[in-house]
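The values are calculated or read from the model by the stated rules, or taken from the named source; none is laboratory data. Small disclaimer: the values here were computed from a predicted structure and weren't measured. Note that we place each Cβ from the backbone using ideal geometry, even for glycine, and neighbour counts take in every protein chain shown.
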Amino acid sequence: MPNTFDSKETFVEKLKETTSDMYGRDFEETNTIQRYRALGSLILEEAGVNWRITKNAVKKQQAKQLYYFSMEFLMGRLMTSNLMNLGVYDVVKDGLEDLGMDINELEELESDAGLGNGGLGRLAACFMDSLASLNYAGNGNCIRYRYGLFKQEIVNNEQVELPDCWLKYGNIWEVWKPHHNARVKFGGYVDGYMNENGKFVVHHHPDFVVRAVAYDEPIIGYHTPTTNTLRLWDAEVDEESVPSGQLNKYLQDVSALTTNVYPDDSTQEGKELRLKQEYFFVCAGIDAIITEHLRRYPSLDNFADKVAIQLNDTHPVLVIPELMRVLMDEYDYNWDDAWQIVTNTVAYTNHTVMAEALEKWPVETVKKLLPRLYMIIEEIDRRWKFDVDHRGLCAIYPNVAIIREGNVHMANLAIVGSHSVNGVAALHSKILVDDVFKDFARIYPDHFNNKTNGITHRRWLMYSNPQLTALLDDTIGTDYKTDPRQLEKLMDYVDDPVVQQRFLDVKKERKKILAKYIKDTLDIDVNIDSIFDCQAKRLHAYKRQLLNIMHVMYLYMRMKEDRNFRIYPRTFIFSAKAAPSYYEAKEIIKLINIVAQRVNNDLETKDFLRVVFIPNYSVSIAEILMNAADVSEQISTAGKEASGTGNMKYMMNGALTLGTLDGANVEIVGQVGEENAKIFGLHVEDINHLKHENAYNSREFYNQHPEVRKVVDSLHNGYWAQNPDEFRMIYNDLIMNNDEYFVLADFNAYMKAQQEVEAMYRDQSHWAKMMLINIAKSGYFSSDRTIQEYNDDIWHLTKLKY
Ligand SMILES: *Cc1c(COP(=O)(O)O)cnc(C)c1O
């Protein structure tokens with residue numbers, strides 16, 4: 001029998017058959033959703049073959065496996081990526097065409113899997129793609145949230161949050177695995193006794209028990225059989241554990257566990273729910289790993305040789321006490337042996353240096369929800385204190401304590417309980433060692449390392465930018481697809497006027513596509529010959545969208561005042577979601593939209609200046625936005641952005657980085673050279689100095705700089721909004737609260753940098769050369785490189801062989 005994807009004919013045959021089998025009607029009578037689901041089942045069937053081959057290879061080769069524990073996986077859509085990685089995209093496209101269908105139409109039916117907030121979740125998704133593509137057995141572990149983050153709409157210039165119903169048409173990639181399930185226990189109390197062998201035996205009497213049930217998605221590698229697993233846990237009732245007379249409350253509590261990503265954490269109840277979620281997927285994940293290990297090996301003694309666990313930030317840090325619990329309470333290990341296994345297995349990735357973002361939990365909450373784990377955490381901390389004292393460092397203990405001032409400090413637990421701590425860009429990793437965790441670094445200098453983030457060049461270049469891919473294929477061949485550093489070959493062509501022109505044509509084509517999206521969704525006309533200047537990322541004070549929009553306000557006001565002042569036509573494009581309870585961020589969204597409305601409707605300036613806010617930033621938006629950009633805005637306050645990955649997506653598609661020396665921007669400039677990026681603003685050292693010396697006074701600064709003053713005043717003098725209090729919070733943050741993120745301090749440097757960008761853009765041939773250099777040097781930022789480094793330094797997996 002021929003295989004489904006051997007030819008378009010066999011594919012058409014099989015699709016018709018499957019559709020009518022699934023829906024009991026002739027193919028011609030089925031609708032596009034039914035056809036989409038049938039196509040999904042065919043792809044899943046094909047992936048299933050490789051899934052089996054991979055599992056057998058792991059078993060036969062006794063391969064070590066990685067489990068990537070992450071509270072978030074921002075997968076986006078998978079149809080295109082899966083078809084392309086399987087190498088059957090064209091067969092499907094042609095077959096559908098024969099059936100009178102457009103493959104794009106089916107691709108568009110898929111909802112984004114938006115199981116995350118932003119960069120951290122997208123990193124996990126890129127890592128999954130690279131692991132499989134490099135033939136490593138690396139699996140994801142997360143929660144099957146019924147709703148993604150939220151869907152953002154803009155109503156009266158303000159963000160409105162709507163539910164993100166990503167499972168509306170079902171999830172065609174998941175396979176329900178009811179036999180993979182685990183009981184997860186919360187609350188209640190613990191008692192213990194000495195048994196006849198003198199071993200301390202503990203008994204947990206929980207007051208809430210749920211059953212975690214697995215849904216597996218295949219992660220399909222690029223042109224290889226390797227197909228890994230992303231396991232998403234759903235919560236189900238545990239029939240034996242319904243408290244009597246409380247069925248409805250019990251059902252609600254079970255359901256709440258997996259309702260959505262980041263439940264509102266502004267209330268005590270919401271907070272507890274989040275800690276429950278964290279334990280839920282940790283407990284289920286560990287249970288499944290242990291079960292699988294014991295099917296293959298006689299004991300857990302070799303656990304750390306066969307299993308690596310990477311913690312994506314501290315959200316899954318309960319892996320450490322949970323694995324201790326299982327080893328001691330269920331498999332009779334003593335503390336020291338269990339501790340060896342745990343610390344040799346677990347590694348931790350830090351994603352932030354901002355004190356307020358370092359996770360901590362009140363002791364009372366942990367004790368109440370996870371009484372047995374809390375006992376273990378206390379014991380870890382007790383022994384840690386002995387260890388620190390023994391090293392003669394008792395003076396620094398308060399800085400490294402796990403339990404301190406009534407809170408459990410999750411990052412400290414992660415560092416003590418793991419063998420590797422990494423930051424996500426060189427600068428960030430340095431700040432961890434020199435500043436945030438310097439006392440830990442004294443004790444464990446060998447544990448700290450850097451793994452600069454990356455992005456999968458398959459999704460972010462090959463699949464989302466077929467125009468640029470075709471240009472690259474024609475110019476440098478195709479080996480960059482499996483070895484992204486080969487993009488460097490493009491360096492031989494950066495002065496070639498034909499290649500330069502072709503690049504400019506590609507960019508124009510991508511700008512047309514984005515412009516059409518903007519027209520269709522927002523009914524705004526944008527000029528594709530203007531500079532597309534883009535800032536798309538979560539809205540946060542430290543990312544300084546405010547600096548960007550204040551510069552727009554400055555340009556507009558100046559053009560209104562001075563008829564002789566005109567800029568090269570520019571379209572400022574923003575896209576950003578704000579956390580629902582983050583008022584300052586929402587006010588900035590409002591400001592951007594109000595400025596956009598005014599500017600876009602002003603006949604005098606609209607040929608020069610447009611402002612667009614694209615609602616509902618998501619992976620699918622990013623896929624059409626990044627590659628249409630001329631300028632990539634990466635303007636965070638130096639020292640605050642751990643790495644950024646958006647910056648890499650733009651670079652890889654030929655955009656100029658306009659940025660501060662922060663996160664991976666530093667390494668981008670290192671790759672392309674200072675002359676092929678535009679760096680401005682205060683450095684980390686400058687900012688530390690200003691802070692330590694108390695040398696920054698934003699009000700004084702405002703008084704001394706008339707251009708800054710004019711823009712700030714326009715926030716509350718009725719220029720943009722009739723109500724003078726409309727942007728009061730922004731004004732207060734800048735002037736009354738001393739501008740924590742140095743927006744005003746960097747304003748003049750930013751304005752000047754923008755003028756230089758404009759001058760550079762006017763020389764199109766030179767611009768094209770710079771962009772080609774950016775593309776040529778972007779191979780370093782492929783997540784294939786990142787994964788290879790994690791493996792070489794931390795996981796030590798062997799590639800699967802077939
Ligand atoms: C890449 C990406 C991010 C991360 O962007 P940064 O600029 O690095 O903050 C966030 N959200 C989505 C949807 C992305 O694709």
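Let's see how each residue does on (1) assigned to a helix (DSSP H, G or I); (2) more than 20 Å from V346 (Cβ to Cβ):
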| residue | (1), (2) |
| --- | --- |
| N422 | no, no |
| K430 | yes, yes |
| D446 | yes, no |
| N449 | no, no |
| R459 | yes, yes |
Could you look through segment 562-581, keep only residues that are touching a helix residue (DSSP H, G or I) at 6+ places or on another chain (Cβ under 9 Å) and either closer than 23 Å to N748 by Cβ or surrounded by fewer than 19 Cβ atoms within 10 Å (Cβ to Cβ) (or both), and pick out the one that is modelled with the lowest pLDDT?
P580
Suppose we keep only residues that are basic (K, R) and at pLDDT 95 or above within segment 582-622. Which one would you say is nearest to the ligand (Cβ to nearest atom)?
K586
Of the listed residues (E269, E240), the one being surrounded by fewer than 16 Cβ atoms within 10 Å (Cβ to Cβ), touching a strand residue (DSSP E or B) at 6+ places or on another chain (Cβ under 9 Å) and modelled with pLDDT under 95 is E240
Which condition from (1) more than 16 Å from the ligand (Cβ to nearest atom); (2) closer than 22 Å to P466 by Cα; (3) of a type outside the set (D, E, K, R) is the one that S111 breaks?
(1)
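Matching residues to (1) under 22 Å from N676 (Cα atoms); (2) without any contact (Cβ under 8 Å) to a residue 12 or more places away in the chain:
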| residue | (1), (2) |
| --- | --- |
| P466 | no, yes |
| D473 | no, yes |
| Q486 | yes, no |
| K489 | yes, no |
| V494 | yes, no |
| V498 | yes, yes |
| Q501 | yes, no |
| E509 | no, no |
Could you check how many residues of segment 630-666 are of a type outside the set (S, T, N, Q), within 12 Å of the ligand (Cβ to nearest atom) and part of a loop (DSSP other than H, G, I, E, B)?
8
Exactly one of T54, T19, T10 is closer than 30 Å to I290 by Cβ, of a type outside the set (G, A, S), surrounded by 14 or more Cβ atoms within 10 Å (Cβ to Cβ) and away from the ligand (no atom under 16 Å from the Cβ), and that residue is T54
Per the list (1) closer than 23 Å to H796 by Cβ; (2) surrounded by fewer than 21 Cβ atoms within 10 Å (Cβ to Cβ), residue check on L230 breaks on (2)
Matching option when the condition is within 27 Å of the chain's Cα centre (by Cα) and loosely packed, with under 15 Cβ neighbours inside 10 Å, among K199, K177:
K177
Subset of segment 122-171 (residues that are in a loop (DSSP other than H, G, I, E, B), hydrophobic (A, V, I, L, M, F, W, C) and more than 16 Å from the ligand (Cβ to nearest atom)):
L134, A137, C165, L167
Starting from segment 448-464, keep only residues that are closer than 26 Å to N412 by Cα and of a type in the set (D, E, K, R), then list their pairs with residues that are away from the ligand (no atom under 14 Å from the Cβ) and in a strand (DSSP E or B) whose Cβ atoms are within a distance under 8 Å, requiring at least 6 positions of separation or different chains.
K451/T349; K451/N422; K451/G423
Residues of segment 330-350 satisfying the condition of being surrounded by fewer than 21 Cβ atoms within 10 Å (Cβ to Cβ) and within 28 Å of the chain's Cα centre (by Cα):
T343, N344
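Taking the condition of being touching a residue at least 60 places away in the same chain (Cβ under 8 Å) and within 15 Å of F11 (Cβ to Cβ), how many residues in segment 98-107 meet it?
Going through segment 98-107, the residues touching a residue at least 60 places away in the same chain (Cβ under 8 Å) turn out to be 98-99, 101, 105-106.
Retained after the next criterion (residues that are within 15 Å of F11 (Cβ to Cβ)): 98-99, 101, 106.
Residues in segment 98-107 being touching a residue at least 60 places away in the same chain (Cβ under 8 Å) and within 15 Å of F11 (Cβ to Cβ): 4 in total.
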Restricting to segment 667-685, count the residues that are in contact with a Ser or Thr (Cβ under 6 Å, 6 or more places away or on another chain) and either over 23 Å from L120 (Cα atoms) or assigned to a loop (DSSP other than H, G, I, E, B) (or both).
2
Please work out which one of (1) hydroxyl-bearing (S, T, Y); (2) over 16 Å from the mean Cα position of the chain (by Cα); (3) farther than 15 Å from N171 by Cα is the condition Y68 fails and give its number.
(2)
Give the number of residues within segment 478-508 that are β-branched (V, I, T) and in a helix (DSSP H, G or I).
3
With criteria (1) touching a Ser or Thr at 6+ places or on another chain (Cβ under 9 Å); (2) without any contact (Cβ under 8 Å) to a residue 24 or more places away in the chain, N601 comes up short on (1)
Among the residues in segment 619-641, are any on the phi > 0 side of the Ramachandran plot and under 18 Å from the mean Cα position of the chain (by Cα)?
no
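I'd like the residue in segment 85-96 that is on the phi < 0 side of the Ramachandran plot and surrounded by fewer than 20 Cβ atoms within 10 Å (Cβ to Cβ) and, out of all such residues, is farthest from the ligand (Cβ to nearest atom). Break it down into steps so the answer makes sense when it comes.
Filtering segment 85-96 for residues on the phi < 0 side of the Ramachandran plot gives 85-86, 88-96.
Narrowing the set further to residues that are surrounded by fewer than 20 Cβ atoms within 10 Å (Cβ to Cβ) leaves 89-90, 93-94.
On the way: Y89: 22, D90: 26, K93: 25, D94: 30 Å.
If we take residues in segment 85-96 being on the phi < 0 side of the Ramachandran plot and surrounded by fewer than 20 Cβ atoms within 10 Å (Cβ to Cβ), then D94 is farthest from the ligand (Cβ to nearest atom).
With respect to E740, is the statement that it is within 16 Å of the ligand (Cβ to nearest atom), within 31 Å of the chain's Cα centre (by Cα), at pLDDT 95 or above and of a type in the set (D, E) true?
Values: within 16 Å of the ligand (Cβ to nearest atom): no; within 31 Å of the chain's Cα centre (by Cα): yes; at pLDDT 95 or above: yes; of a type in the set (D, E): yes.
Spelling it out, it is not the case that E740 is within 16 Å of the ligand (Cβ to nearest atom), within 31 Å of the chain's Cα centre (by Cα), at pLDDT 95 or above and of a type in the set (D, E).
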Considering each of L99, L74 in turn, give the residue that is of a type outside the set (K, R) and within 16 Å of the ligand (Cβ to nearest atom).
L74
For M75, state whether it is surrounded by 15 or more Cβ atoms within 10 Å (Cβ to Cβ), within 23 Å of Y517 (Cβ to Cβ), in contact with a strand residue (DSSP E or B) (Cβ under 8 Å, 6 or more places away or on another chain) and of a type in the set (A, V, I, L, M).
yes
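What helices (runs of 4 or more DSSP H) completely inside segment 686-765 contain at least 2 residues that are out of contact with any Leu (no Cβ under 8 Å at 6 or more places or on another chain), farther than 19 Å from K640 by Cβ and in contact (Cβ under 8 Å) with a residue 12 or more places away in the chain?
Working: elements: 698-704, 706-714, 728-731, 747-762.
The qualifying helices (runs of 4 or more DSSP H) are 706-714, 728-731, 747-762.
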Residue check: is E633 at pLDDT 95 or above, buried (at least 24 other Cβ atoms within 10 Å of the Cβ) and under 22 Å from Y556 (Cα atoms)?
yes
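For (1) under 30 Å from Q671 (Cβ atoms); (2) of a type in the set (A, V, I, L, M); (3) crowded, with 24+ Cβ neighbours inside 10 Å, each residue gets a yes or a no:
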{"residue": "G392", "(1), (2), (3)": "no, no, no"}
{"residue": "P398", "(1), (2), (3)": "no, no, no"}
{"residue": "E405", "(1), (2), (3)": "no, no, no"}
{"residue": "G417", "(1), (2), (3)": "no, no, yes"}
{"residue": "V424", "(1), (2), (3)": "yes, yes, yes"}
{"residue": "D434", "(1), (2), (3)": "yes, no, no"}
{"residue": "K438", "(1), (2), (3)": "yes, no, no"}
{"residue": "I443", "(1), (2), (3)": "no, yes, no"}
{"residue": "F448", "(1), (2), (3)": "yes, no, no"}
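For the subset of segment 57-72 comprising residues that are in a helix (DSSP H, G or I) and touching a residue at least 60 places away in the same chain (Cβ under 8 Å), which member is surrounded by the fewest Cβ atoms within 10 Å (Cβ to Cβ)? Quick ask: steps written out before the conclusion?
Taking segment 57-72 as the starting set, the residues that turn out to be in a helix (DSSP H, G or I) are 57-60.
Remaining after also requiring touching a residue at least 60 places away in the same chain (Cβ under 8 Å): 57-59.
Working: A57: 17, V58: 19, K59: 12.
In this case the residue turns out to be K59.
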With the checklist (1) within 28 Å of the chain's Cα centre (by Cα); (2) part of a loop (DSSP other than H, G, I, E, B) in hand, flag the one item F5 doesn't pass.
(1)
